[in-house]
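The values are calculated or read from the model by the stated rules, or taken from the named source; none is laboratory data. Bear in mind the structure is a predicted one, so any value in this text is a computation, not a measurement. Neighbour counts run over all protein chains shown; Cβ positions are idealised from the backbone, glycine included. Quick note on the areas: whole protein, heavy atoms, side chains included, nothing else; ligands and nucleic acids left out. Shrake-Rupley method; radii C 1.70, N 1.55, O 1.52, S 1.80 Å.
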Amino acid sequence: MAEPQAMYATDEYGRPFIILREQAKKTRTHGVQAIKSHILAARTVANVIRTSLGPRGLDKILISPDGDITVTNDGATILTQMEVEHQIAKLLVQLSRSQDDEIGDGTTGVVVLAGALLEQSEALLDRGIHPIRIADGFDRACVVAVEHLEKISDKVEFTLSDTSNLVKTAKTSLGSKIVSKEHDKFAEIAVDAVLAVADFERKDVPFDMIKVDGKVGGSLADTTLIKGVLVDKDFSHSQMPHSVRDAKIAILTCPFEPPRPKTKHKLDITSVEEYKLLREYEHDKFHDMIKRVKDTGANLVICQWGFDDEANHLLMQNDLPAVRWVGGPEIELIAIATQGRIVPRFEDLTAEKLGKAGIVREVSFGTTRDKMLVIEECANARTVTVFVRGSNKMIVDEAKRALHDALCAVRNLVVDNRVVYGGGAADISCALAVAKAADETPSIEQYAMRAFASALDAVPLALAENSGLPPIETLAEVKSRQVKEGNSVLGIDCMGRGDNDMKKQFVYDPLISKRQQYLLATQLVRAVLKIDDVIVAGQAEE
Amino acid sequence: MQRAMQPTVVLLKEGTDTSQGKPQLLSNISACLAIAETLSSTLGPRGMDKLIVSERGDAQITNDGATILKLLDIVHPAARSLVDIARAQDAEVGDGTTSVVLLAAQMLKEVRGYIEEGVSPQIIMKGFRQACQLALDRIKAIQVTVDKKDPESFRSLLLKCASTSMSSKLIHSEKPFFSNMVVEAVQCLDQEDLDESLIGVKKIPGGGMQDSLLIHGVAFKKTFTYAGAEQQPKSFRDPLVVCLNVELELKAEKDNAEVRVEAVSDYQAIVDAEWEIIYRKLEAIEKAGARVVLSKLPIGDLATQWFADRDIFCAGRVPTADLQRVVQAVGGSVQSTCSDIRREHLGTCGRFEERQIGGERYNIFEECPKAKTCTLILRGGAEQFIEEVERSLHDAIMVVKRAVKNGDVVAGGGAIEMDLSAHIRKHALSIPGKLQLVMIAFAKALEIIPRQICDNAGLDSTDVLNKLRMKHANGEKWYGVDVDGLEGVRDNMEAFVWEPSLVKVNAISSATEAACLILSIDETVRGPQSEAPSTGPRAPPGTAQRALRGRGRGMPRR
């Protein structure tokens, strides 16, 4: 920073004065210089994740301070884990995170676009255009681009029986991820999962109903979709039956113990008789509990708390398979899936409150003695679990993230079934539309609009570059073909299939995802361009 | 120097900083100017933002004068008075905080030359006060009153005021959208009282700012819930709502109570009694007919599941402010016991729903019968971004609120300042004496607003100002700066750049007062820093030395 001191003023008599607290420690950057340093920071961030864009994008390995390793290709994850310090770079991180929250997909693209826009504005600043006018121009261009997107969007039709279009979208989203080898399988899992839980009338997809679980071992191909709930627990007694058909499940949130008051209490035992009485009482209680459960017709008990060996033994004797220490969220999921009610004490247990499931079984994996409980054929089919397998933890984690992206992509289509074509086709088409609109704009903003058009090229450029194609040449060719043929579905042929028609290659992006990318990136750029003064307080010393 | 032989009289504590006289006055003025200079680039539709990073590393991006000054943490005593007037302006009218600081500083700058020439500050203050009075009278004379009776035109007036206040902010490009939102929000409120704290603002990162929405009612984030909440119904029509300040949990009734159980058979009785207590509470709630149960205190898993069983929705740990607004919206009152809940204690609303917004789930009450409250849900790409949107909207809300209270407006964009300046100048020429000079200085100081707007927009300020002076001399009183057009000037009344006149009245009078205050100071006595100063032990070593050196050099000149 050129001016290390914030505000150091002297009057006519040469007396300096202190205006700010800790003045000497504050640093200040001002004017165009500040904007330029911001642009540089943003570009650096964008360049880091640029190479992970597209189906041929590469992964990053991130090592956290604790030594945990993450291998990922997901823009939002990379940026979050990088722990950037710079303020403007932090804005970019938040940008990709909010794309992640809202859409769940396209987190890399949005940062690349924002970086490209800032890069373009640097050239305009050098020409002496006021930063806010640049931002105004970008805004105007963004409006044109979003309108154009809607114009070139296509509706994809899908029904519950014909999901081929949804699968294709999920495949596009998965294309760049580590799971691309199995992307047919993953895409189908994603589509099935979303369709199982989707509420088509309200166009709402409650993600809470989709549980994604993973376990190391096996290969990605062993990943399965379970139409039910998977709980990482096993039966409390090893001799209990390993599967229960037509289960009637009692879902309890009280321990299998004699009830205890919550108030602090004390029982003085003064004689042997009393002790025996207490023993008797406890014994009765256990029997009573088991009886109550039995009476309702339940043949499986799921308990949030534990129970001691005595209870375990009694359950075993009475042919009541039981599961203990099931966590709160899982209890809830089981209750929803089996349409049972969570019961807080034995007195409240009735037959109507039992959950129903077709089969509950224990599955074990490979040679390990790990067991998991699968509850299937539930009364309510709207809960699903995706069980991800992979050869190591990093792959499982990355596969989970990839799956999340794919789920989001499918959900977006359920919410709004308009799509644009990927592979940079939509970006190129918008770039052309914006460039055309720029020529018709009378004021200075036209320069900024043109810059916006070139920034839009950044996505196809990066795609081509990452796919090992000559970027400029490829882009120029596709662009000219789009203009000549008036065909907005031509994009970069990343996979080398020898065809640029993205419609034929089924490379789809949901419209709302693209639209969101443009809007978010433009708004962020405006925020960055508007800052002309940075005042940083000194770091607190130890 | 010979007098050094005399014994020194120690009057003040060692290390006390005293500076006095004209140099002190001038140095105070310089300090104020330095502050104003920092702020100046944020004024006007092409104003820029500041990024301020605190010691803890939190960053804020803002364009709001009062916020910047607060974050700068100013310690200079004279400069602090500027911070205070900005804050006062913020509290009083909520907008125009940058202008007030610029005006005060410019007034000081204009009279600086007179001070150096030895004009008594008292004379200057007198002149300023007179000029200020003139300016206020002039505003009252020319302000345009809008008829409140015609709701259509009144609404359009409010829209214009709101969009003028937003024009310098980040949300500039979405002005029509947000001004509509702000005006609707303010019109939701009780028109007599206009308590803006009843406008709730919720921030959800994600989405574009166009996705922000206004909810006629209350919305708050889904609270922490226990297992079972998902089985509760999530939408109601015309439900009864009960708001509680009761903990619904199975737990020890009193923390330090202890029960002595005499016989084993009593044991079960105690347990049952505890269940009985909570069940009685829950049943009372159900009997009252409530379908939505909110509580300030936690609602435990037992109660959650019990409610789920009976198709009742519940939310515990609702933040107090939100609960207060719910009560305002749906009627009823907050109950602190479950016994004796009667129908009149319950509120109702047209529709209750739990809805997904971005990554969060929100509980939304709509179509409330008593709706004197509303909620703005702001979206945006980054946290700082949303925060700035919130500040901008706050300014706009305050302006609209003021405009609703008294519907007088003047033209913005420097138009009113140019007119006042012309008016005062004309008047000054008719009076004899030094006051004439002072009033002309005041008139000139007013021109800083249009000048700064031009400078920030990259226009030739001298050129534009000359055009404006010419227009105003010809009696075209609403001509102001136009940052978009080629001419650089236009009739801002016709261009609908309007501001409530109250903003200007307040800005001019408090700027004058601040300037007078600073002018009347001729001595600072600063006590030595106490041993453990509040600024922390790590005061930079340079500062103290520099201050000492400064004093040593300044004094002998007299």
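Between A:Glu150 and A:Lys393, residue separation times 0.36 nm minus the direct Cα-Cα distance comes to 83.4 nm. Placing a label point 7 Å from the Cα of B:Ile431 along the Cα-to-Cβ line, the residues of region B:506-524 whose backbone N sits under 17 Å from it are B:509, B:512-513, B:516. Only DSSP H runs of four or more residues enter the estimate; each adds -39500 (n - 2.57), and after division by the residues of chain B the mean residue ellipticity at 222 nm equals -15500 deg cm²/dmol. Shown in residue order for region A:231-242 are the 3J(HN,Hα) couplings computed by the Karplus curve 6.51 cos²θ - 1.76 cosθ + 1.60 at θ = phi - 60°: 10, 7, 9, 10, 5, 6, 10, 5, 8, 5, x, 8 Hz (x for Gly and Pro). Assuming R0 = 60 Å, can you tell me the calculated FRET efficiency for the pair B:Asp311 and B:Asp84, based on Cβ-Cβ distance, to the nearest 0.05? Calculated transfer efficiency: 0.60. Residues in region B:436-525 average 40 Å² of solvent-accessible surface per residue, probe 1.4 Å, ligands and nucleic acids excluded. Of the residues B:Ile448, B:Ile397, B:Ala473, the one whose Cα sits farthest towards the positive end of the charge dipole of region B:374-480 is B:Ala473 (charges of +1 on Lys and Arg Cβ, -1 on Asp and Glu Cβ, taken about the Cα centre).
Please compare each pair in A:Lys177/A:Lys504; B:Lys401/B:Lys504; A:Lys168/A:Lys503; A:Lys264/B:Lys251 to a cut-off of 18 Å on the Cα-Cα distance and tell me which ones are over it. Among A:Lys177/A:Lys504; B:Lys401/B:Lys504; A:Lys168/A:Lys503; A:Lys264/B:Lys251, the Cα-Cα distance tops 18 Å for A:Lys177/A:Lys504. Rounded to the nearest 10 degrees, the angle from helix B:415-428 to the longest Cα principal axis of chain B is 40 degrees. Couplings for region B:123-135, taken from phi via the Karplus curve 6.51 cos²θ - 1.76 cosθ + 1.60 with θ = phi - 60°, read 4, 4, 4, 4, x, 4, 5, 5, 4, 4, 4, 4, 4 Hz in order; Gly and Pro are left as x.
What is the projected area of the convex hull of the Cα atoms of chain A, averaged over all directions, in nm²?
Result: 36.9 nm².
In region A:138-287, the inverse of the mean reciprocal separation of distinct Cα atoms equals 22.2 Å; this is its Kirkwood hydrodynamic radius. Here is the interface size for A with B: some 8400 Å² of accessible area buried, both sides summed, with a 1.4 Å probe.
In summary, the aspartates and glutamates within cross-link reach of B:Lys370, defined as a Cα separation below 17 angstrom excluding same-chain residues under 8 places away, comprise B:Glu184, B:Asp190, B:Glu192, B:Asp193, B:Asp195, B:Glu196, B:Asp238, B:Asp322, B:Glu344.
Within chain A, helices built from complete DSSP H runs that reach 20 Å or longer along their own axis (Cα positions) and carry a mean Kyte-Doolittle hydropathy of -0.5 or higher are A:31-50, A:107-126, A:131-152, A:183-197, A:393-415, A:425-439, A:511-529. Placing one equal scatterer on every Cα of region B:250-398 and applying the Debye formula, the log10 ratio I(q)/I(0) at q = 0.19 Å⁻¹ is -1.25.
Pairs over the 32 Å Cα-Cα cut-off, from the set B:Lys22/B:Lys471; B:Lys22/B:Lys70; B:Lys202/B:Lys405: B:Lys22/B:Lys471. Pairwise alpha-carbon distances in chain B exceed 29 Å for 64% of all pairs. Amide H to amide H, with H built 1.01 Å from N, B:Ala382 comes under 5 Å of B:Gly206, counting only residues 5 or more places away or on other chains. What's the whole-number percent of alpha carbon pairs in region A:456-532 lying beyond 22 angstrom? So the pairs more than 22 Å apart make up 35 percent of the total in region A:456-532.
Based on Cα contacts under 8 Å between residues 6+ apart, region B:47-154 shows a relative contact order of 13 percent.
Convex hull of alpha carbon positions in region A:404-508: directionally averaged projected area 7.9 nm². Once C-alpha pairs closer than 8 Å and six or more residues apart are averaged by separation and normalised to the residue number of chain B, the relative contact order reads 25 percent.
Less than 5 angstrom separates the built amide H of A:Gly217 from those of A:Gly390, A:Ser391, A:Asn392, all sequence-distant by 5 or more or on a different chain.
In region B:152-171, burial by the other protein chains removes 30 Å² or more of 1.4 Å probe accessible surface, compared with the chain on its own, from B:Leu170.
Test of understanding: what is the full-extension gain from A:Thr350 to A:Asp222, defined as 0.36 nm times their sequence separation minus their Cα-Cα distance?
Result: 42.1 nm gained on full extension.
Using Cα pairs closer than 8 Å and at least 6 residues apart in sequence, work out the relative contact order for chain A, in percent.
It comes to 26 percent, rounded to a whole number.
Averaged over the residues of B:71-77, the number of partner chain Cβ atoms lying within 10 Å of the residue Cβ comes to 6. Shape summary: region A:118-157 maps onto an equivalent ellipsoid whose semi-axes, from the alpha-carbon gyration tensor, are 31, 10, 6 Å in decreasing order. Normalised per residue, the accessible area of chain A is 41 Å², obtained with a 1.4 Å probe and no contribution from ligands, DNA or RNA. For the segment B:306-313, counting C-beta atoms of other chains within 10 Å of every residue's C-beta and taking the mean gives 2. Relative to the longest principal axis of the Cα atoms of chain B, the long axis of helix B:175-188 makes an angle of roughly 60 degrees. Name the residues of region B:199-227, by number, that are at least 50 Å² less accessible with every protein chain in place than in the isolated chain; the surface is that of heavy atoms, probe 1.4 Å, without ligands or nucleic acids. Those are B:Ala227, which lose 50 Å² or more relative to the chain on its own. Rolling a 1.4 Å probe over the protein heavy atoms of the protein assembly as shown, with every protein chain left in place, gives an accessible area that is 50 percent carbon and sulfur. Which percent, to the nearest 5, of DSSP beta bridges fully inside region A:180-329 are antiparallel? Of those bridges, close to 25 percent are antiparallel. Annotation: aspartates and glutamates with alpha-carbon distance below 12 angstrom to A:Lys371 (same-chain offsets under eight excluded): A:Asp232, A:Asp234, A:Glu362. With 0.36 nm allotted per residue and the present C-alpha distance subtracted, the B:Arg351-B:Lys126 stretch has 74.9 nm of extension available. The three principal axes of the Cα atoms in the protein assembly as shown give end-to-end lengths of 111, 86, 71 Å, sorted in falling order. Computed from backbone phi, the HN-Hα couplings of region B:220-233 come to 9, 5, 3, 7, 5, 10, 9, 4, x, 4, 5, 8, 7, x Hz, rounded to whole numbers (Karplus: 6.51 cos²θ - 1.76 cosθ + 1.60, θ = phi - 60°; Gly and Pro given as x). Inter-chain Cβ neighbour count for A:275-284, averaged per residue, equals 2 (cutoff 10 Å, partner chain atoms only). Across all C-alpha atoms in region A:308-374, the radius of gyration and Dmax reach 13.9, 42 Å. Can you spot the aspartates and glutamates whose alpha carbon is less than 17 Å from B:Lys434's alpha carbon? Ignore those fewer than 8 places along the same chain. Answer for B:Lys434, where 17 Å is the Cα cut-off: B:Glu110, B:Glu116, B:Glu117, listed by chain and number.
Note that region B:183-227 presents 38 Å² accessible area per residue, ligands and nucleic acids not counted, probe 1.4 Å.
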